[in-house]
Amino acid sequence: MNATPAYDPDNIFAKILRGEIPCHKVYEDDDFIAFMDVMPQTPGHTLVLPKAPCRNLLDAPPQVLSRILPLVQRLAQAVKTAMGAEGITISQFNEHAGGQTVFHLHIHIIPRHEDQPMKHHARGFAPKEELEANAAKIRAAIG
Ligand code: 5GP
């Protein structure tokens, strides 16, 4: 049997959740947080995370999974509005073989425009000013 490895509390998103590393936050409540991906695949690329220590979809409890998708829907609508996007790509990776690079559950919200290709996953930092400007637009669209 291939068990999901244990949660590593030193992963980079755990450090963001503890406030040890900054982020461009767009949303937070008692149980979830959303912030800009520092290596956006398109401008406005946003990540949604539970605060609970889940490694990925494979070990997340049902009460996290059942609550995160309505929030992803709400934030995806705000991202779409804020970025003037025509579509949204949602992605989520599990384990190294599945493309996961940070081992705290997160869902990617990637705004899309017709004929605009996505950049490679997790490659190429965006300037901080651009990330903060997009975060401000998305915060405003969440209301
Ligand atoms: P995964 O491959 O695990 O699905 O996605 C991890 C994502 O986190 C990647 O898209 C990558 O660009 C992003 N990322 C990696 N390090 C950081 C960081 O320190 N801060 C933020 N905000 N995003 C990060």
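Angle, helix 62-83 long axis vs. longest principal axis of the chain, Cα atoms, 0 to 90°, nearest 10?
Here the helix axis deviates by roughly 20 degrees.
Find how many whole Å separate the alpha carbon centroid of segment 75-143 from the alpha carbon centroid of segment 56-70.
Taking the Cα centre of each part, segment 56-70 and segment 75-143 sit 19 Å apart.
Pairs of alpha-carbon atoms within less than 8 angstrom and 6+ residues apart define the contacts here; what relative contact order does segment 64-143 have, in percent?
38 percent
5 Å is the cut-off here: which amide hydrogens, built 1.01 Å from N in the peptide plane, fall below it relative to I88, excluding neighbours closer than 5 in sequence?
Answer set, sorted by chain and number: R112.
Which residue, N134, T101, M118, has the largest displacement toward the positive end of the dipole of segment 74-143 when charges sit on each Cβ (Lys, Arg +1; Asp, Glu -1)?
Farthest along the dipole direction, towards plus: N134.
Could you run the Karplus curve 6.51 cos²θ - 1.76 cosθ + 1.60 with θ = phi - 60° over segment 32-45 and give me ³J(HN,Hα) per residue in whole Hz, x for Gly and Pro?
9, 9, 9, 8, 6, 6, 6, 10, x, 7, 9, x, x, 4
In whole percent, what relative contact order does the chain give with Cα contacts below 8 Å and a gap of six or more residues?
It comes to 32 percent, rounded to a whole number.
On full extension of the chain, what length is gained from K119 through T4, given 0.36 nm per residue of separation minus the C-alpha to C-alpha distance?
That pair, K119 and T4, stretches by 38.5 nm at full extension.
Could you sort 69-79, 11-21, 117-127, 103-113 so that the peptide with the highest average Cβ count within 10 Å comes first and the rest follow in order?
103-113, 69-79, 11-21, 117-127
Taking amide H atoms as placed 1.01 Å from N in the peptide plane, list the residues 5 or more away in sequence, or in a different chain, whose amide H sits under 5 Å from that of N56.
L105
Could you work out how far helix 128-142 tilts from the main Cα principal axis of the chain, as a 0 to 90 degree angle to the nearest 10?
90 degrees
A short reminder: the numbers here are calculations on the coordinates, not readings from a lab. Just so it is clear, the structure is predicted and the values come from calculations on it, not from any experiment. Cβ: placed from backbone, ideal geometry, glycine included. Neighbour counts: every protein chain shown.
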